[in-house]
Each structure stands twice: as structure tokens, then as C-alpha cells.
Amino acid sequence: MSYSYLFRDDYSEGMHPRILEALARTNLQQEAGYGADTFSQEAEQLIKKMINKPNANVHFVSTGTQANLICLASILKPYESVIAVDTAHPNTRETGAIEATGHRINTVTGIEGRLTPTSILEVLESHTNEHMVKPRVVFISQATELGTIYSKDELQQLSKVCRQAGLYLYIDGARMGSALMAQDADFDLSTIADICDMFYIGGTKNGALFGEAIVIVNPDLQQHFRYHLKQRGALLAKMRSISVQFIELFKDNLYFENAKHANMVARELATGIKQCGYDFLNSTSTNQVFPILPNGIIEKLQRQYAFYVLAKSLSTPNSSVIRLCTSWATPESAVQQFLGDLKNYRT
Ligand SMILES: Cc1ncc(COP(=O)(O)O)c(C=O)c1O
């Protein structure tokens, strides 16, 4: 089926042209393998400087699922578990990758995709002895699966609870760029590095061909991480293929400009949909919007546009929640065309 435009994902294009140029420019340069290359070292230094953490460790992997499962499995003892919201990506979309490493995910109900300190404490209160798993890591994503973000204060509160309870805090940053560039964001990458033990900066969803940068802030978790990478098949001989991309992404703010654009077109979509009189699952300030549209209109839109239909709306009869996702490459003309069609179908 051919569509006018895909609002399905933020990785529907190959890569930003500057990434393609950077890969081509460095292509014939001979380098050492497995991360010992000059690009990986430069990218690591660049990221450490940006977060103001000279003693952090940086590793590059190819997918978000790989980052999540390797990071979490590297932290946990066999009987330890992860606390996450029910909508968390590893709980809904990663084929049981975390569970396949032998660790349970203790899920709690999120508030618009966000985890709260209270729900962490509730899990701890109900896991008190060796007949149960021992929660050890708190998993959150910034931005969340529902397109929302945690404020600096919320992040600090989560961090405080974790530190008091002896839990590690891990942040999935598949959409970190979008979160950082949200209009209501009051944090930067240093804030993220200050409040958590380990996180990753997503490249795949923000203009890279592929690649995620894992940052291990807590020195207790740094040792032997490359063994975990290698054993799970993630230690790339051509690690340079990812680090070259991150160097380019962080040159002249490309990473941030990409995310700013994706957020801006998502905002235009949301504003136009609201003007048509439709409601949303929740309000977002990142590159995903979740309008609730009548099923008949969804069917018509689906003939021209690709997007996910998530669930029947419980609040609005004969309507469903859809997800529209924008990217660094989404043209404003595609947004205007979608909104024009929505208006036509409404009448
Ligand atoms: C928040 C989040 N984490 C992790 C992933 C997994 O990334 P990948 O598909 O690269 O494994 C995704 C992908 O959609 C995601 O949205």
C-alpha cells in the first residue's frame, strides 16, 4: 500500500544527509576495531564533556532493545528485578528481552506514562523477603512511551527515592533528544547524568542511521561492561559506524535541531487537530501525539496515512486513540495535508 505520508514512527527515513556525508567522508580511513578506533574515543570524550562527567563510561550499541537488556542484565543479580510502568517499552514491545535475561519486571500503573515515587515504594513494600524477587533497578524513559516528559523536579524526586532505597535508576533515552527539546523541558543532559546511574542517548529516532550511546555514570556499574556487550553479541567490530554518527549529531547542535523540528511539527499537528474539536489521550510536548478520533474518520485517514491505532477510547464512543509520530524530516506540508484531510472528513 502506498501512503501520502507515514506518521507511524520516527525512523521511517534512512538518516540525516549530514550523517550520510560523515559516513562517506570517513569511509576509507583505517581504524582499530571494537571501539578502540579514534572516532569512538572522540565521541566518548564529547559526550562526557557535554554531561560534565569526566569519569563516565560511554558505549555504543545498535538498538534500544539491546541497550535496555544489556544495561539492565549487567546491573542485576539473578534474583533481582526491575520496576517500571506498565506502558514501558521493555514491558510492551521488546519480546520479553528483559525477562529472557532472567529478570522479572515489576510493573505499576503509570500516570500518563510516568512512574511515581509512591509506586516505587509500593513495590518495595510488597517485596520484603527471599520468597519474592528483589527490586533493584528503576526503569524510566525520557520521553515516555506516551510522549510525556518528567520535569527536573520529578527526576530528582525519583532519584532521591532510589538512592534512599538502594535502587539504581536507569533511563531509556530512545527519545532523549525530543525530551530535551520539549518546550516545557527544564533539564539538560547534565541533569540526566546527575540523577541516574546509567542511561542512553538515542540516535536511531533522531536522525542517525542507527545507534544508541550508553552512558554509565555510576563507577560501581562500569566494570566489565564490555564483557556483557560481547557476550550478547553487541560489541561491534565496526563500532566506528555508530560513533562517527554521534560525532556528527553533536556537531553544530544537529542532534538538538533534529529533535526541535520533530517536536515543532508534532505541535502543529496537535494544534490543528484540537482546532478540529478533537480531544487527546494526554497532552504531550514531544514528537508523539495521541488524538482520539471517530473510527469512521480513522478508516478514511488510514487510506492515505500510516499510523498506529492504539485502543478504543473508553471516554468517547465509537472513537479510538491513534498515535501520530513525527521526525526530524517531517515536512510541514505533510502536516498541513493531514490536517486538511481531517477537516474534509469531519464535515
Ligand atoms: C522508549 C523506547 N525504548 C526502546 C526502544 C527499542 O528500540 P529498538 O527498536 O531500536 O530496539 C524503543 C523503540 O521504539 C522505544 O520507543
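How big is D for region 206-283, in µm² s⁻¹ as a whole number, if Stokes-Einstein is applied with the Kirkwood radius of its Cα pairs at 10 °C and 1.306 mPa s? The calculation lands on 99 µm²/s.
Using a 1.4 angstrom probe on heavy atoms only, work out the carbon and sulfur share of the accessible area of region 136-288 in %. Carbon and sulfur together cover 47 percent of it. Rolling a 1.4 Å probe over the protein heavy atoms of region 306-347, with every protein chain left in place, gives an accessible area that is 52 percent carbon and sulfur. Inter-label distance, LEU314 to GLN337: 3.7 nm, where each label sits 7 Å from its Cα along the C-beta direction.
Taking all protein chains into account, the per residue accessible area for the chain stands at 45 Å² (1.4 Å probe).
Rg then Dmax, both in Å and based on the Cα atoms of the chain: 20.5, 62. Any chance you could check the Cα centroid distance between region 4-79 and region 148-172 for me, in angstrom? So the separation of the two Cα centres works out to 24 Å. Modelled this way, with points 7 Å down the Cα-to-C-beta line, the labels at LEU20 and LYS274 are 3.6 nm from one another.
Leaving ligands, DNA and RNA out of it, report the carbon-plus-sulfur percent of the accessible area of region 6-62 at a 1.4 Å probe.
Values: 1620 of 3180 Å².
Percent of accessible area from carbon and sulfur atoms in region 6-62: 51.
With the convex hull built on the Cα atoms of region 1-119, state its orientation-averaged projected area in nm².
12.1 nm²
A straight chain from THR92 to LYS300 at 0.36 nm per residue would run longer than the Cα-Cα distance by 72.1 nm.
Under the classification rounded if a/c is under 1.5, otherwise prolate if a/b is larger than b/c and oblate if not, where does region 95-171 fall, given a ≥ b ≥ c as square roots of the Cα gyration tensor eigenvalues?
Details: a/c = 1.93, a/b = 1.27, b/c = 1.52.
It is oblate, given that a/c is not under 1.5 and a/b is not larger than b/c.
Note on region 175-242: the alpha carbon radius of gyration divided by the globular reference 2.2 N^0.38 Å gives 1.27.
For the cross-link pairs LYS49/LYS251; LYS77/LYS134; LYS48/LYS77; LYS160/LYS205; LYS205/LYS251; LYS77/LYS205, the ones whose C-alpha atoms lie over 19 Å apart are LYS48/LYS77; LYS160/LYS205; LYS77/LYS205.
The values are calculated or read from the model by the stated rules, or taken from the named source; none is laboratory data. Note that the coordinates shown come from a computational prediction; the quantities given were computed from them, not determined experimentally. Cβ sites come from the backbone with ideal geometry, for glycine too, and all protein chains shown count toward neighbours. Calculation scope for accessible area: heavy atoms of the full protein, side chains included, ligands and nucleic acids excluded. Shrake-Rupley method; radii C 1.70, N 1.55, O 1.52, S 1.80 Å.
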